[in-house]
Amino acid sequence: MRCRLPTLILLLQGALLAMFIVFVVYDEHADAAAQSNTTKPMDNRLYSVFPLFKDIHAMLFVGLGLLLAFMKLYGFSAMAFNFLVGNFGIQWALLVQGFFYHYWDGKIHLGMENVLNAEFASVVVLISAGAVLGKTSPVQLLLMGILEIPLFVVNEWLLTTYLKVVDVSGTIAIHVFACYFGLGVTQILYRPHLKSGHPKEITTSMTDLLSLLGTFFLWIYWPSFNAVLARPGDAQHRAVLNTFIALSSCTMTTFALSSLMNKKGKLNLVHVQNATLAGGVAVGAAADMMITPAGAFGLGCLGAMVCVFGFQYLTPFLSQKLHLQDQCGIHNLHGLPGIVGTVGSIVAILCSSEAIYGSSLYEIFPDRAAEHDIPAITSTVVAETERSPTDQALYQAAGFGVTFAISLVGGYVTGLLLKMPFLGQPPDEFCFDDEPYFKVSESQKVTRYPGVDENGEAGLPLKDI
Amino acid sequence: MRCRLPTLILLLQGALLAMFIVFVVYDEHADAAAQSNTTKPMDNRLYSVFPLFKDIHAMLFVGLGLLLAFMKLYGFSAMAFNFLVGNFGIQWALLVQGFFYHYWDGKIHLGMENVLNAEFASVVVLISAGAVLGKTSPVQLLLMGILEIPLFVVNEWLLTTYLKVVDVSGTIAIHVFACYFGLGVTQILYRPHLKSGHPKEITTSMTDLLSLLGTFFLWIYWPSFNAVLARPGDAQHRAVLNTFIALSSCTMTTFALSSLMNKKGKLNLVHVQNATLAGGVAVGAAADMMITPAGAFGLGCLGAMVCVFGFQYLTPFLSQKLHLQDQCGIHNLHGLPGIVGTVGSIVAILCSSEAIYGSSLYEIFPDRAAEHDIPAITSTVVAETERSPTDQALYQAAGFGVTFAISLVGGYVTGLLLKMPFLGQPPDEFCFDDEPYFKVSESQKVTRYPGVDENGEAGLPLKDI
Amino acid sequence: MRCRLPTLILLLQGALLAMFIVFVVYDEHADAAAQSNTTKPMDNRLYSVFPLFKDIHAMLFVGLGLLLAFMKLYGFSAMAFNFLVGNFGIQWALLVQGFFYHYWDGKIHLGMENVLNAEFASVVVLISAGAVLGKTSPVQLLLMGILEIPLFVVNEWLLTTYLKVVDVSGTIAIHVFACYFGLGVTQILYRPHLKSGHPKEITTSMTDLLSLLGTFFLWIYWPSFNAVLARPGDAQHRAVLNTFIALSSCTMTTFALSSLMNKKGKLNLVHVQNATLAGGVAVGAAADMMITPAGAFGLGCLGAMVCVFGFQYLTPFLSQKLHLQDQCGIHNLHGLPGIVGTVGSIVAILCSSEAIYGSSLYEIFPDRAAEHDIPAITSTVVAETERSPTDQALYQAAGFGVTFAISLVGGYVTGLLLKMPFLGQPPDEFCFDDEPYFKVSESQKVTRYPGVDENGEAGLPLKDI
């Protein structure tokens, strides 16, 4: 640890700092010299981005951090590595996305909008990391971030520029990508001795409660997440409203199904912590469309259904049959609801018409009217012809397919690289334990490993695997 | 449980979905087809509602959720059922309030403003539920929500439309209503064996700390709660400012009184968790009036006084004499400060004049000038005559009386219905315990029930009641 | 306790209420009578202040409260006294700052902007209190607030009015001041018996986790803190962007250095909890300047370096050699990064020119162009001559020196006053323990003091100091 982690981080920071020095300048909203007498301060893009930016922040570090901190012995690592990898992901994405989207005159032009987009890229890494929570070293997680961010940016670029997929909140580009990338990694990092659980994989009432608190933070700010990139005005209004309705119906449905799944009717806290969020993923791709309030309600219910079903039946099945040890169940919260969301967007597109949308139709689906003078991303591959709803629906399906393939293959390759021996992958008995990574005081060890002889070497109390 | 809870929730969700399909459409701020070339996106109502909407959300689920999670063995239920019932309340209120206020052309017109109002309705149920925390099943709580929401809407409609009570933040309509409804319910659900406490009614240092954290979230966002429905501009500014001052003075006073109440001068954490919020209720009805900063300061002090006094003397008295087992002390945090707030609004109205308010007087008290062309809710019952301050003060008192009567009777009736045998009311020994509702792992049981033989059937460790 | 704390608080509240009655009125943004037909409600200053005001609130009570609650036996006191003293500080600062800045026609004119500035003053007291956490009674802390607030206001007034120091987020005026004031106090309150630690100075996994959660809240809202007083438009945009970049690079660097410091490469949670925030202090004074993104990145790295270095080497050294028992390490989080920030601002000023800033130069550095018609605070001492970059740099250094001297001497004097016998300073064996201040239930005592005979008098379990 002492060599690897500091070396890797300092190398990364040095490289990033060098890149910042050479390439990064303020964009026209942050550059003092770019202001003129006619610039109105309140028109600065800061004011539309900042309130939502803070919400995404709270989701990433407080919400997701707490949600992941459910294990008694792995709370420090879960929260702190989420913080570390999240920050690295943002910095790295600022550069990668900068070269893709904000690079001209030899410089990357940086403003708060870039940071917002970089946070979305970073989320992808943090979701994928959920599949291998407790089984990877921070060095491995950082390496995963190094590889995943550029792949995510390339995939997103294909989707928006070539396929022109309509996906306002990244159901496909973020959730589906992150899920199958993470599953690819975890399948390669399969640990046969952990297939019947691990003695350190335990929760306490307090960690479970904090994890539920994390769910609440994610739930509260999810409408911001889904709406932040929607067109201002009615489209953003719909994105917030539809997301809220979907989350709410999804929450109710989760309680019903979780109770149904247990023979005594008892609720499973894992379902409440996860499936109550599935509606946000399921409604995501169509969040700004005219899906009607009832449509959002229905998508929320479907999201909860597939998620609870996934935790109950699919995760054990995948673990046994496909060697897929999906630690946090990201397939249930991001993969399955992502499929629901893709199908939802296809149905919504097939039902869309000028009668329902008015002239806004061509703002939400710019490729439906190539001749309209809308500032759409120009493309040289897709011919400038008008797309029918069926065309767009097929492109949505294609977008899902491309994302699925790129992310899974990317995950496999990354998983193979993460198996390199010098990356500090913890041995089985050190999984789900802060001990290898954090100084834990003697007084804490007494509570952490009750019944263990204090003479036992730190971090080695449980060898019965 | 396995039959009742899922059946009820799925029935409710099915009915709500059907109603959404038949009745609910987007309002003009969310409907794409309602936008024209002259619509300015930034004028969309989303932008005035959304920032405050998130705050109310955080209060409901994070703030109140944590505040209720103070019991060692009932944390999951407290937080999760608050989440469940809160969500149901919002969905149900969207429909009930929709039919009252947003129904025309055969449709309920839905936008974020409706959701905001529905959250206020939902708060009412969650406050009332505090009186029976730990002693009711989720089925009972949902049934309570089914009944309380329409009654709340009717009462609020009487207050705003007929009595034209001035109550910007719902001190009367929300806090007083919720309190006496909840007290009515708990009086009917009286449990004689619990009058000298319950062995499971224990806290830990951590749950007490989390509950205090919940208080902080409520405290931080309370100014948003009180101001969200105030008129934009100076009135909203005053609502925020007065609420902040009242909360701050109330916090200081709470520490002084709590220390005074103990013979060794030790602080009672229950007081700090609750009475520091009483100022927000006490200042509520008059929050947007010209009560002066000193007036807000004084109302805050009074709120803390009645709340600490209530916890120290009144709650034990009511419990013994009136069989009122008010689990969270909602009478101290919502009832008594609600009375202070009502009286405060009466005094503020009696002191109001055009000299103090300028022409704004008729915007804050629209019925003081019936001939002014202000978009007030028209009423056919109250004659279109000018009200004097004394008239308005009497209407305030009448509003309090009507609310008190309706809520208490409603609470009694609801309590009787909740006693129906098939609603899963927990027997005395299962009160204040997650065991009947949540899967609790064996490793957690060891900490939860120390000294209890593991052979004892789950959930039955404590029989010495 | 029973006499002292309530008496002091009630006296303070009485005096404050009297002052409010006599002196405080609403300002023109909150006063109904000050509105005219041409007032646009949305131009009310509430709307620029309120969103950031809530963030500062969340930092003060949730963020800092949790960060301080890291000790197993002192969590209630840490969070509750932070809440108490923070509120008193705000109320007191409203008056002191009111007389300095908002007093005319015999009245203090109060609006939300005043409250925002009062919160900044209150932060100063809460930072200083970190140095003596667990070793002072609430009576002492309140007295410290009574004395520190006016001194802070005077020092800030000297800096802004006479020296015209450029310090947008208070790196000098807030962090440096608070640090050396607190160090002065703790040096006087030196406890020789505690130099090799205290048996009650222990953490648990959960308190450490909550403390880390507090760090996240501070981290998330720190850009708001640094930007709230910046000029709207590009300057505010830069303040947010630079602060975010500095925090992010500082977080990465902290992980690297913390691991390097340990011979097994293990991370120290204290570093993660504190040093990840040092970037916010280090970038503060220059946050709105054209320091380039790389400059912000570098300042963040430097902040983390000095902070980790301080915890590892300087704090033990100061404790042994200078009798400086800095309980929370405020010197590492506020003092050393404050020095980095001051030097950073000097370098940024020396590099500033009209070529880089355009005409904005004279808005960020008003004294660089005395003839420009900018609404700068007029001064009779500094001659109305144009300042060169070197002049301004020297004034920055002078500002640091003045602040250092005033705060340290102020801290010494305050420390001497806090030693007065009737202020309830806890004896050594009661340090770091909630017992003297809070009612702790018997069931909690079992967990709090394991192995201690229940017959032992409450609060006296550990006598082996």
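Which of C:G415, C:V49, C:A33 sits closest to the plus end of the dipole of chain C, meaning its Cα is farthest towards the positive end, when Lys and Arg get +1 and Asp and Glu get -1 on the C-beta?
The listed residue farthest towards the positive side: C:G415.
Note down the relative contact order for region A:79-178 as a percent, whole number, built from C-alpha pairs under 8 angstrom at least six residues apart.
Working: 87 pairs, mean separation 33.9, N = 100.
Over region A:79-178, the number comes to 34 percent.
What translational diffusion coefficient, to the nearest whole µm²/s, does region C:1-110 have by Stokes-Einstein, given a Kirkwood radius computed over alpha-carbon pairs, a temperature of 25 °C and 0.890 mPa s viscosity? Working shown, then result.
Working: Rh = 16.7 Å.
The estimated diffusion coefficient comes to 147 µm²/s.
Mind listing the long-range amide H neighbours of B:Y449? Cut-off is under 5 Å, sequence gap 5 or more, other chains count too, H placed in the peptide plane at 1.01 Å from N.
The answer is none.
What are the extents of the Cα atoms of region C:215-305 along their three principal axes, in Å, largest first?
Each principal axis gives a Cα extent; for region C:215-305 these are 48, 24, 14 Å.
Suppose we take every Cα in region B:187-229 and form the convex hull; what volume per residue is that in Å³? Show your work: numbers first, answer last.
On the way: hull volume 4.9 nm³, N = 43.
Taking the convex hull of the Cα positions in region B:187-229, it is 115 Å³ per residue.
In Å², nearest 100, what accessible area do chains C and A bury in total when the solvent probe is 1.4 Å?
Values: alone 20700 and 20780 Å², together 35920 Å².
Buried area (both sides, nearest 100 Å²): 5600 Å².
Per Stokes-Einstein, at 4 °C and 1.567 mPa s, what whole-number D in µm² s⁻¹ belongs to region B:322-361, with the Kirkwood radius over Cα pairs as the hydrodynamic radius?
Values: Rh = 12.5 Å.
Rounded to a whole number, D works out at 104 µm²/s.
Could you work out, for chain B, what percent of all Cα-Cα pairs fall into each 20 Å distance bin, beginning at 0 Å and stopping at the bin that holds the largest distance?
Spelled out per bin, shortest first, that is 24, 56, 19, 1.
With a 1.4 Å probe and every protein chain kept in, tell me what percent of the accessible surface of region B:92-250 is carbon plus sulfur.
Numbers: 2140 of 3350 Å².
Carbon-and-sulfur percentage of accessible area, whole number: 64.
To the nearest 20 debye, what charge dipole does region A:35-162 have about its Cα centre, counting +1 at the Cβ of each Lys and Arg and -1 at the Cβ of each Asp and Glu?
Working: 6 positive and 7 negative charges, 57 e Å.
Using Cβ point charges on Lys, Arg, Asp and Glu, region A:35-162 gives about 280 debye.
Helix B:138-157 against the longest principal axis of chain B: what's the angle in degrees, Cα atoms only, rounded to the nearest 10?
20 degrees
Anything over 26 Å Cα to Cα? Flag those among A:K54/C:K200; B:K54/B:K200; A:K72/A:K195; A:K445/B:K266, in the order listed.
Too far apart for the 26 Å limit: A:K54/C:K200; B:K54/B:K200; A:K445/B:K266.
Each residue of region B:260-277 in turn: what ³J(HN,Hα) in whole Hz from Karplus with 6.51, -1.76, 1.60 and θ = phi - 60°, glycine and Pro shown as x?
These are the phi-based 3J(HN,Hα) values: 4, 6, 9, 5, 9, x, 7, 6, 9, 4, 4, 5, 4, 5, 10, 5, 5, 9 Hz.
Give the peptides C:407-418, B:125-136, C:330-341 in descending order of average Cβ contacts within 10 Å, highest first. List each step's numbers first, then the result.
Numbers: C:407-418: 19.8, B:125-136: 25.9, C:330-341: 27.9.
For the peptides C:407-418, B:125-136, C:330-341, the packing ranking is C:330-341, B:125-136, C:407-418.
Under the Kirkwood approximation applied to all pairs of distinct alpha-carbon atoms, what is the hydrodynamic radius of the protein assembly as shown in Å? Could the numbers behind the result be given before it?
Numbers: mean 1/r = 0.0312 Å⁻¹.
Kirkwood hydrodynamic radius for the protein assembly as shown: 32.1 Å.
Could you point to the residue in A:A173, A:L116, A:Y449 farthest towards the positive end of chain A's charge dipole, with +1 and -1 charges on the Cβ of Lys/Arg and Asp/Glu respectively?
Checking the options against the dipole of chain A, the answer is A:Y449.
7 Å along Cα→Cβ for the label point: how many nanometres lie between C:T161 and each equivalent label in the other copies, listed shortest first?
With the label placed 7 Å along Cα→Cβ, C:T161 yields 5.8, 5.8 nm.
Tell me, what are the semi-axes, in whole angstrom and largest first, of the equivalent ellipsoid of region B:275-325 as set by the roots of 5 times the Cα gyration tensor eigenvalues? Before the final figure, lay out the partial values.
On the way: eigenvalues 156, 20, 9 Å².
Its equivalent ellipsoid spans semi-axes of 28, 10, 7 Å.
Hey, got the average number of other protein chain Cβ atoms within 10 angstrom for residues in C:215-225?
Working: counts 4, 11, 3, 0, 5, 10, 3, 0, 6, 2, 0.
Other-chain Cβ atoms within 10 Å of each residue's Cβ, averaged: 4.
When Cβ neighbours within 10 Å are restricted to other protein chains, what is their mean count per residue of peptide A:51-58?
Numbers: counts 7, 3, 4, 9, 3, 1, 6, 7.
Taking all residues of A:51-58 together, the mean is 5.
Helix B:336-350 against the longest principal axis of chain B: what's the angle in degrees, Cα atoms only, rounded to the nearest 10?
Between helix and principal axis, roughly 10 degrees.
Quick one: label points 7 angstrom along Cα→Cβ at A:W104, distances to the other copies in nm, smallest first?
Its label point is 4.7, 4.7 nm from the equivalent points in the other copies.
Residues of the protein assembly as shown: accessible area per residue at 1.4 Å, in Å²?
Numbers: 45620 Å² over 1395 residues.
The answer is 33 Å² per residue.
Other chains near B:198-204: what is the mean number of their Cβ atoms within 10 Å of each residue's Cβ? Kindly include the intermediate steps, with their values, before the conclusion.
Details: counts 0, 1, 0, 1, 4, 4, 9.
For this peptide, the per-residue mean of nearby foreign Cβ atoms is 3.
Give the long-range amide H neighbours of B:L267: residues separated by 5 or more places, or on another chain, with amide H under 5 Å away, using H modelled in the peptide plane at 1.01 Å from N.
Result for B:L267 returns C:F438, C:K439.
Tell me, what HN-Hα J-couplings in whole Hz come from the Karplus equation 6.51 cos²θ - 1.76 cosθ + 1.60 at θ = phi - 60° for each residue of region B:63-69, using x for Gly and Pro?
x, 5, x, 5, 4, 6, 8
Relative contact order of chain A: what whole-number percent is it, with Cα pairs under 8 angstrom and at least 6 residues apart? Intermediate results must be reported in sequence, preceding the final value.
Working: 756 pairs, mean separation 101.1, N = 465.
Reported relative contact order: 22 percent.
Which residues' amide hydrogens lie under 5 Å from the amide hydrogen of A:Y26, considering only partners 5 or more residues apart or on another chain, with H built in the peptide plane?
A:L110
If one takes the longest principal axis of the Cα atoms in chain A, at what angle in degrees, from 0 to 90 and to the nearest 10, does the Cα axis of helix A:46-57 lie?
30 degrees
Computed FRET efficiency, Cβ-Cβ of B:K107 and C:L417, R0 41 Å: what is it to the nearest 0.05?
Numbers: r = 69 Å, r/R0 = 1.69.
In this case the efficiency is close to 0.05.
Run the dipole for chain B about the Cα centre, Lys and Arg Cβ at +1, Asp and Glu Cβ at -1, nothing else charged, and hand back the magnitude in debye, nearest 20. Write down the numbers at each step before the final one.
Numbers: 25 positive and 34 negative charges, 261 e Å.
Dipole about the Cα centre, nearest 20: 1260 debye.
May I ask you to order B:270-281, C:181-192 by the average number of other C-beta atoms within 10 Å around their residues, highest value first? Could the numbers behind the result be given before it?
On the way: B:270-281: 28.7, C:181-192: 22.4.
In descending order of packing, they fall as B:270-281, C:181-192.
Karplus couplings for region B:411-420 from phi (6.51 cos²θ - 1.76 cosθ + 1.60, θ = phi - 60°), rounded to Hz, Gly and Pro as x?
Here the 3J(HN,Hα) series is x, 4, 4, 4, x, 4, 5, 5, 7, 4 Hz.
How big, in percent, is the set of alpha carbon pairs in region A:133-251 lying more than 21 Å apart?
60 percent
Rg and Dmax of region B:163-206, using alpha carbons, in Å: what are they?
Taking only Cα atoms of region B:163-206, I get Rg and Dmax of 16.6, 48 Å.
Out of A:A348, A:N242, A:C3, whose Cα points farthest toward the positive end of the dipole of chain A (charges: +1 Lys, Arg; -1 Asp, Glu; placed on Cβ)?
A:C3
Dividing the convex hull volume of the alpha carbon atoms of region B:75-122 by its residue count, what do you get in Å³ per residue? Write down the numbers at each step before the final one.
Details: hull volume 2.8 nm³, N = 48.
Convex hull of Cα atoms, per residue: 58 Å³.
The values are calculated or read from the model by the stated rules, or taken from the named source; none is laboratory data. Computed from a prediction, not measured in an experiment: that's the story for all the values here. With ideal geometry, Cβ positions are generated from the backbone for all residues, glycine too; neighbour counts draw on all protein chains shown. Remember, those area values only see protein heavy atoms, side chains included, never the ligands or the DNA or RNA. Shrake-Rupley method; radii C 1.70, N 1.55, O 1.52, S 1.80 Å.
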